[in-house]
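As structure tokens, the structure follows; a few thoughts come after it.
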Amino acid sequence: GIREHEIDSVYKRGREFLAASNWAEATKNQYVSAILWLDRQGWVGFKVSKTNYDYLAELARQPEHRAKFRQLTNRFECTVYGGEPCTPTICQEMSSLVEVLIREATPVVSL
């Protein structure tokens, strides 16, 4: 249901939902922001019609990022599709995984 496909705004909205304790929306926005981030890196190609496992398959050449994204996907699917309640703990875990994924994917530039 997320119509916006610009990484920065989806990420920001996810952080806002997290701060507002809107766990369901935070979960969705965090997950989509991870996919959009991976798309920005050129490791996946974002398409609305793809499944979460399509993205995991595309990450085969990025095993370290694939492992983090798999953890994120598992948490997302358990709550969104599996009926597990969205809780502060799950949202914090997802937020941490997104942060690690982004931090690890961002090249460090030394001066």
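For the chain, the per residue solvent-accessible surface stands at 58 Å², with DNA, RNA and ligands left out and a 1.4 Å probe. Ranking A57, C78, T27 by Cα position along the charge dipole of the chain, where only Lys, Arg, Asp and Glu carry charges on their C-beta atoms, puts A57 farthest toward the positive end. A convex hull fitted around the alpha carbon atoms of the chain yields 109 Å³ per residue. Between 0 and 90 degrees, the angle of helix 23-41 with respect to the longest Cα principal axis of the chain falls at about 10 degrees.
The angle separating the long axis of helix 63-80 from the principal Cα axis of greatest extent in the chain is about 20 degrees. Modelled this way, with points 7 Å down the Cα-to-C-beta line, the labels at H5 and S21 are 3.5 nm from one another. As a fraction of the 1.4 Å probe accessible area of the chain, surface on carbon and sulfur atoms comes out at 53 percent. The angle separating the long axis of helix 7-19 from the principal Cα axis of greatest extent in the chain is about 40 degrees.
The values are calculated or read from the model by the stated rules, or taken from the named source; none is laboratory data. Note that the structure is predicted; figures quoted are calculated from it, not measured. Glycine also receives a Cβ, built like all others from the backbone with ideal geometry; neighbour counts cover every protein chain displayed. All accessible areas refer to the heavy atoms of the entire protein, side chains included, with ligands and DNA or RNA removed. Shrake-Rupley method; radii C 1.70, N 1.55, O 1.52, S 1.80 Å.
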